[in-house]
Amino acid sequence: MIGSPQSKVSNARTILGNLSSSVPRSTIYLSNEARTSTGMTASSCFSIRRRIPLRICVCIFVLLASFSCFAQDWVKTGTSLGAEKIRLAATDFKASTQDPKNAELQKIFNDTLWNDLDNAGIFDLVSKSFYPLGQVGAPADVNFTAWSAPPPNAAMLAFGNLGVSGNNVTVQGWLYDVKNPVQPQVIGKQYQDAATADATGTLAHKFADEIIFRLGGGIAGVAETKIYFVSSRTGHKEIWAMDYDGQNQHQITHLGSISLSPAVSPDGSRVAFSSLVKGGWDIEIYSLDLNRLVAFPRMSGTNLSPSWSPDGAKLAFSSSRSGDPEIYIADSNGRSLKRLTDFKGPDVSPSWNRKSGAEIAWTSGRSGLPQMYSMSSDGTNVQRYTDQGYAVSPSWSPSGQLLLFSWIRHYGPGAPGGADIYIMDIASKKWVQLTHDSGRNDFPSWAPDGRHIVFESNRAGGEQIWSMLADGSQQKQLTTAGHNTEPNWSWK
């Protein structure tokens, strides 16, 4: 068998590292509608999907206890998950003016900042019940001894003030090392924007990302990133978007048909996806700058699961134009079409290596049940990564060293287990299971920081979007309305 089974995530820990990179990716789960239109059988109708990109440091696991013998085989590409967390206090920002709008915007800012820092996965946030009395709105208000000693025992303190004046809100924020009263300032920032709820939330995201960048090894935070997904809440499957934390969910397309497998471009300006148009499945591209579809040529056959190259110049996708679903690449305008695979059995779900752009991972049914493969971007150097069960939806990490995928390891009538999210180290082909005994989990997608993952799960009943840290912890549901599937995290 390819790859050695690893223990559950509780038996794994990640090692701090600091590598930067970027990657594209997407995948699409073949719906009943798509299966009918392609005439594929149940066993051959597996995921097609695509993935998102960005610069990042990625995580790696060194196994504990009984798996310590494998530790030296793993590439140390950590995200600081598993390392000792920084003890951080984040006080509520103090009002700096007397405007009646202050209270509403203060709550939005304070709640958003706290949630962003809590979601980062690298901080031990000090409970507010341990905070010293009195508000801290400016450097002169900081009592270093009170904050650095028990019970708060903080290493870092985030604080500041917010004030509305006319139609604008101004925020001043600081990050102090309270263990170093001689030179405490780590960050000092001032922001100004319209005095609205959305703008205030964005300012909180900006300040949180600044803190995460400074204290998280120079890896950019994800508080300002977006997640694109498919939602049926309007009665049609359309492409939607939301903030990384599930806030600000809004509809992107209004085609009144079936749209699947969104894949946002590396620069964040376009979303490629598959849509049922005039009886056939075609690749569509939506411009987020122009708020409309832009030209992409119609192709024969069923065309699904687009995936962007890291430079945004090319798309990989699956097409049945030759009869069997195969992997093709083309320029982003649809020209210079080239076929990469040529084997009996469906080839779907391409995912471009987000760091090098020189490799494409995909799912193939050439050996029967779907398995995970990779190849050079010219179609050569084919490698197989799984050889059992039902493996679909590969997603390449920003470092280019790890693959996420959905795997039913024991597939068949009465077989134990279900579809869970796994992470594999490409060099050693060793893997770790991230979800356990919690429904069907599919379509994983990396965040640009390599610390977070978004995926689809039906553990709560219907299909919804969930997120988690790259070690499998902090699993959170992001959507609730309608059915929501096939998430794709933006590159930045």
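Readers should treat all values here as calculations from the given coordinates under stated rules, not as data from a laboratory. None of the values given here were measured: they were computed from a predicted structure. FYI the Cβ positions are ideal-geometry reconstructions off the backbone, even for glycines, and counts take in every protein chain you see.
Working note: Cα gyration tensor of segment 94-154, eigenvalues times five, square-rooted, sorted largest first, giving semi-axes of 22, 18, 9 Å. Summary of packing: across the peptides 420-428, 245-253, the per-residue average of other C-beta atoms within 10 Å ranks them, highest first, as 420-428, 245-253.
Here the spin labels are modelled as points 7 Å beyond Cα on the Cα-Cβ line, and at SER322 and ALA199 they lie 5.5 nm apart. Assuming a viscosity of 1.567 mPa s and a temperature of 4 °C, what translational diffusion coefficient in µm² per second does Stokes-Einstein assign to segment 237-277, Rh being the Kirkwood radius over Cα pairs? The estimated diffusion coefficient comes to 118 µm²/s.
In this rough spin-label picture, where each label sits 7 Å from Cα along the Cβ direction, the THR380-GLN474 distance is 4.3 nm. Based on the alpha-carbon gyration tensor of segment 431-490 and its eigenvalue square roots a ≥ b ≥ c, which shape applies: rounded if a/c is under 1.5, prolate if not and a/b is larger than b/c, or oblate? Judged from the Cα gyration tensor, segment 431-490 comes out oblate (a/c at least 1.5, b/c at or above a/b).
Using the average count of surrounding beta-carbon atoms within 10 Å as a protection proxy, the listed peptides 474-481, 127-134 rank, highest first, as 474-481, 127-134.
Grab the beta carbon distance between HIS254 and ALA313, set R0 = 35 Å, and tell me the FRET efficiency rounded to 0.05.
0.80
Residue separation of ASP387 and ARG339 scaled by 0.36 nm, minus their Cα-Cα distance, works out to 14.8 nm of gained length. Contact order for segment 86-215, expressed relative to its length and based on alpha carbon pairs under 8 Å spaced 6+ residues apart, stands at 29 percent.
Relative to the current alpha-carbon distance between ASN167 and ASP99, full extension at 0.36 nm per residue lengthens the span by 23.4 nm. Across the cross-link table entries LYS226/LYS278; LYS355/LYS476; LYS128/LYS492; LYS94/LYS189; LYS314/LYS429; LYS179/LYS476, which are compared at the Cα atoms, the separations over 26 Å belong to LYS226/LYS278; LYS355/LYS476; LYS128/LYS492; LYS314/LYS429; LYS179/LYS476. Considered as an equivalent ellipsoid built on the Cα gyration tensor, segment 86-215 has semi-axes of 24, 15, 13 Å, the largest given first. Measure out, as a whole number of angstrom, how far apart the alpha-carbon centroids of segment 431-475 and segment 271-319 sit. Segment 431-475 and segment 271-319 have Cα centres separated by 26 Å. In the calculated pair-distance distribution of segment 380-492, the portion above 24 angstrom amounts to 23 percent of the Cα-Cα pairs.
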